[in-house]
Amino acid sequence: EAGVAQSPRYKIIEKRQSVAFWCNPISGHATLYWYQQILGQGPKLLIQFQNNGVVDDSQLPKDRFSAERLKGVDSTLKIQPAKLEDSAVYLCASSFDGGVADTQYFGPGTRLTVL
Amino acid sequence: GENVEQHPSTLSVQEGDSAVIKCTYSDSASNYFPWYKQELGKRPQLIIDIRSNVGEKKDQRIAVTLNKTAKHFSLHITETQPEDSAVYFCAARYNFNKFYFGSGTKLNVKP
């Protein structure tokens, strides 16, 4: 079974530039999550989709971050403009239907460095 | 708001010893608690989980215990091996399948 795919794996940009990350969840998984993991910390949920609808985006800095999940499959997360404090690993995860005890499977992450 | 606290932040044990990592959560409505292992530069991998209607769950050398009254849960690793060295994260499920993660425990198993 193919896992969660993410690209790019690494990205280096200067502050105030824009960047976009892509995620392809496991086939058939309805729920998709984007997490931000700052070095030395646990993952922090940014946004959660159920199919192509947003379930929770309360911790997404909406002045600079945006995300979409067209057709309920792939998703993109965008940062515009980037700040130094956005340097982190951005993890995408998916689960089957978001039910109780539904296992989340994580992608390899995109490591973003903002200079 | 919702919060998951994890202790200790670092743990060093001798190979063959046991390791225990503890987490507390704030929302009594939480009903599912997974544990993840993350090796350096790799993705978090689920190693064990427990639902709120169960007090303990074991899988070979790994066990998780849950105390709903005290709102804390623990990961127990017995007979530790060098390959157990990694960062371990606890998490708690809140409303609408939203997860909050602990800050992580870096486990070092010395040969």
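The values are calculated or read from the model by the stated rules, or taken from the named source; none is laboratory data. Owing to the predicted nature of the structure, the values given are computational and were not obtained by experimental measurement. Cβ placement follows ideal geometry from the backbone for every residue including glycine, while neighbour counts extend to all protein chains displayed.
Just a few scattered comments:
- All positions within the stretch A:77-95 that are surrounded by 15 or more Cβ atoms within 10 Å (Cβ to Cβ) and either over 14 Å from the mean Cα position of the chain (by Cα) or under 20 Å from A:Ala5 (Cα atoms) (or both): A:Leu77, A:Ile79, A:Pro81, A:Ala82, A:Ala88, A:Val89, A:Tyr90, A:Leu91, A:Cys92, A:Ala93, A:Ser94, A:Ser95
- Residue selected from the stretch A:14-44 under the condition without any contact (Cβ under 8 Å) to a residue 24 or more places away in the chain and surrounded by fewer than 22 Cβ atoms within 10 Å (Cβ to Cβ), by the criterion farthest from B:Val87 (Cα to Cα): A:Lys44
- Of all residues in the stretch B:16-37, none satisfies being of a type outside the set (Ser, Thr, Tyr), within 13 Å of chain A (Cβ to nearest Cβ), farther than 21 Å from A:Asp102 by Cα and not in a strand (DSSP E or B).
- A:Phe106 meets each of the listed conditions (1) within 14 Å of chain B (Cβ to nearest Cβ); (2) more than 22 Å from B:Gln38 (Cβ to Cβ) apart from (2).
- Contact map, the stretch B:84-97: residues that are under 16 Å from B:Trp35 (Cβ atoms) paired with residues that are part of a strand (DSSP E or B) and among the small types (Gly, Ala, Ser), Cβ distance under 8 Å, separation 6+ or inter-chain. Pairs shown: B:Asp84/B:Ala19.
- Total residues in the stretch A:12-27, condition assigned to a strand (DSSP E or B) and either closer than 22 Å to A:Ser95 by Cβ or within 12 Å of chain B (Cβ to nearest Cβ) (or both): 4
- Restricting A:Leu60, A:Leu112 to residues that are more than 14 Å from every other protein chain (Cβ to nearest Cβ) and either assigned to a loop (DSSP other than H, G, I, E, B) or not acidic (Asp, Glu) (or both) narrows the list to A:Leu112.
- A count restricted to the stretch A:35-54 and to residues that are touching a strand residue (DSSP E or B) at 6+ places or on another chain (Cβ under 8 Å) and closer than 22 Å to B:Thr10 by Cβ stands at 6.
- Residue-level check: of (1) of a type outside the set (Ser, Thr, Tyr); (2) more than 10 Å from chain B (Cβ to nearest Cβ); (3) surrounded by 15 or more Cβ atoms within 10 Å (Cβ to Cβ), A:Glu68 misses just (3).
- Condition check for A:Arg9: of a type outside the set (Phe, Trp, Tyr) and out of contact with any Leu (no Cβ under 9 Å at 6 or more places or on another chain): yes
- All strands (runs of 3 or more DSSP E) inside the stretch B:47-111 with 1 or more residues being more than 14 Å from every other protein chain (Cβ to nearest Cβ): B:56-59, B:62-67, B:72-77, B:105-110
- Summed over the stretch A:28-45, residues that are part of a strand (DSSP E or B) and under 14 Å from A:Gln6 (Cβ atoms) total 6.
Here is a yes/no grid of residues against (1) of a type in the set (Asp, Glu); (2) crowded, with 18+ Cβ neighbours inside 10 Å:
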{"site": "B:Ile21", "(1), (2)": "no, yes"}
{"site": "B:Asp27", "(1), (2)": "yes, no"}
{"site": "B:Gln38", "(1), (2)": "no, yes"}
{"site": "B:Gln45", "(1), (2)": "no, no"}
{"site": "B:Arg51", "(1), (2)": "no, no"}
{"site": "B:Lys57", "(1), (2)": "no, no"}
{"site": "B:Thr65", "(1), (2)": "no, no"}
{"site": "B:Gln81", "(1), (2)": "no, no"}
{"site": "B:Arg93", "(1), (2)": "no, yes"}
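- Candidates B:Leu40, B:Leu46, filtered to the one that is of a type in the set (A, V, I, L, M), within 18 Å of A:Gln41 (Cβ to Cβ) and modelled with pLDDT under 95: B:Leu40
- Residue count for the stretch A:96-115 satisfying the condition of being crowded, with 21+ Cβ neighbours inside 10 Å and either in contact with a Leu (Cβ under 7 Å, 6 or more places away or on another chain) or closer than 20 Å to B:Ile47 by Cα (or both): 5.
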